[in-house]
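Presented below is the structure to which this report refers.
The values are calculated or read from the model by the stated rules, or taken from the named source; none is laboratory data. Remember, predicted model here, so these are calculated numbers, not experimental data. Heads up, the Cβs are rebuilt from the backbone with ideal geometry, glycines too, and the neighbour counts pull from every protein chain shown. Quick note on the areas: whole protein, heavy atoms, side chains included, nothing else; ligands and nucleic acids left out. Shrake-Rupley method; radii C 1.70, N 1.55, O 1.52, S 1.80 Å.
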Amino acid sequence: MSARPDGPPRDGRRWLTLLEPVLLAALGAAQTLAFVRTAWWPLPLLAAAMLAGRLRRAAPARAFLLGWSFGTGWLLAGVWWLFISMHRYGGLPAALAALAVLALASLLSLYLGAAAAAFSRWRTGNDSGRDSGRDSGRAGRDALLFAALWLLAELARGVVFTGFPWVASGYAQVDAPLAALAPWVGVYGIGAAGAGLAAWLAFGVSERRWLPAAAAAIVLLLLARMPVPSFTRAAGDLAVALVQTNVPQDEKFDAGRLPQTLAAVQKALLAARADLVVVPETAVPLLPDQLQDFVPGYWQGLLDHFAAGGAGAGRFALVGLPLGDFDRGYTNSVVGLPAPAAAAAGAPAAPYRYDKAHLVPFGEFIPYGFRWFTELMNIPLGDFARGRLDPPPFLAAGQRVAPNICYEDLFGEELARRFVAGADAAPTLMANLSNIAWFGPTIAVDQHLHISRLRTLEFQVPMVRATNTGATAAITHEALVAAMVVPQTRGTLVAKVQGRAGVTPYAWWAGRFGVAPLAWAALAVVGAFIWRSRRHRAGPSAPADPAAPR
């Protein structure tokens, strides 16, 4: 007896149904290439297009699984290096560290899964239970809904529970045509625009309507050729010396190695010949009082050196070190040297101080209910107090320098708070101080560099980066890496940076309202689709009976 003709295809579809979440997870993971080597920027757009095309043919429950799988693969491939910090340096057993990274990626991908299910539920053509191929505008409307839900998912990941927007989709577009949108809508707006264009292309192709597909491609071409207005203006040059200390993380707090580490930082600070010298986050890994006990006169010597200033020496410095005490709490801080001139009353002025405001969960503060987890790891200085979100800039050689520490530069909407004062008081230069040695010589170094580059496009203000192991670099206001120290080496980068005065549209609205305007716009789009869906499902109302009593 011959086999039923529809048997093998059904078996094939069954295997495809089982493998599809795995394939979409692999597709999400493949995007990591573009976050490391930005020349691969079309890859995330292609991945989003393929995801959108599949979601359009899936029921809501299935769409949730596919969106969640895509997001989990995306985050696992993008932040796998967290395993190194937890296992190698934190002492967490390998299996538990791997499980923690998987749990993080899985939980954060619930947002994208929910967005995928919502798209399947409210897309055009689903309101009557079947697609209407005769609707020529359906591809564009569905692409708009996909972009709005994608935006809400990324905002949720970037804001809820302190947020973790690493590998947000817009960061892959820093060297792409969509980067022209940065000073207007920021990284989340770039990500939403990319998702919408990708979906528009996919839906046009799936419907064999080439106008939407061509329109998406034309928009990208127009963005590539569109001149970006200059919202900031030149505000003078600054010679900077950026120190890369290259201290292995397992030696950073080793008492036997501390004298050597402190001596190297001191030598770099005293030898620098620049207007501004910057050393990394916790380059001095002890409190000033501890320094006095450990190396007498160390901190006072630095204070005296920069107070003297003068030609042929460093004039100003930003130094990363912890501050505080047991009673008031400890902070991950930056001290600006020299101290301002003493007040008229003769009281000594305190040096400039910046305290990190956006702390890293588990590394710098302990989320409620998770102390048991942090106690499994051996991470020093693991519970800091928070600083201000809108601190004043550090005044150095005519420039207004805005320090930020480690992954604080992921949160552009928070950095924007510093620009609310207006063009004449806003920062003219940003300085990132990082200790990324926690993650070893991994893709995290390149990813973080591109994050800083996108910040310079949003604010049209340059950024200098002084890191422990890389990437130590000077970045122009146009996101060009003017100079960089080779990662995983010790050295000092001396470069000239042009400060920029002014405020971009993104800095203006994000500084006042945060990400709320983007969320409102996305919710308005989704709300319109929900209303339309409910109206169509309710069907036309019955005609009134003229004989009915009024």
What ranking of Trp509, Trp122, Trp40, Trp15 comes out by heavy-atom accessible area, probe 1.4 Å, highest first?
Trp15, Trp40, Trp122, Trp509
Distant alpha-carbon pairs in the stretch 173-267 (separation over 22 angstrom), percent
59
Hey, for a label at Thr442 modelled as a point 7 Å past Cα toward Cβ, could you say which residues of the stretch 59-92 have their backbone N under 12 Å away?
76-90
Angstrom value of the Kirkwood radius, inverse mean 1/r, which spans all Cα pairs in the stretch 34-84
12.3
Any residue on another chain or 5+ positions along whose placed amide H is under 5 Å from the amide H of Tyr352 is listed here as Gly336
Computed over the chain: relative contact order in percent, which uses C-alpha pairs under 8 Å that are six or more apart:
16
Work out which helices of the chain, taken as complete DSSP H runs, extend at least 15 Å along their axis over the Cα atoms and score a mean Kyte-Doolittle of 1.0 or more, then list them.
42-55, 94-108, 182-206, 210-225
If one computes the Cα centroid of the stretch 452-506 and of the stretch 420-444, what distance in Å separates the two points?
8
Please report, as a whole percent, how much of the solvent-accessible surface of the chain comes from carbon and sulfur atoms (probe radius 1.4 Å).
64
Of the labelled options (i) 26.9, 97; (ii) 26.5, 106; (iii) 27.6, 88, which one gives Rg and Dmax of the Cα atoms in Å as computed for this structure?
(ii)
Excluding residues fewer than 8 places away in the same chain, name every one of the lysines whose C-alpha is closer than 20 Å to that of Lys252.
Lys267, Lys356
Quick one: 3J(HN,Hα) in Hz for the stretch 231-248, Karplus 6.51/-1.76/1.60 with θ = phi - 60°, rounded, Gly and Pro as x.
8, 10, 10, 4, 10, x, 9, 9, 7, 10, 10, 10, 9, 10, 7, 6, 9, x
Expressed in square angstrom to the nearest 10, the accessible area of Ser230 with a 1.4 Å probe stands at 90
Hey, what did the stretch 388-474 get for relative contact order, percent, Cα under 8 Å, at least 6 apart?
28
Hey, what's the stretch 168-280 come to in accessible area per residue, 1.4 Å probe, Å²?
40
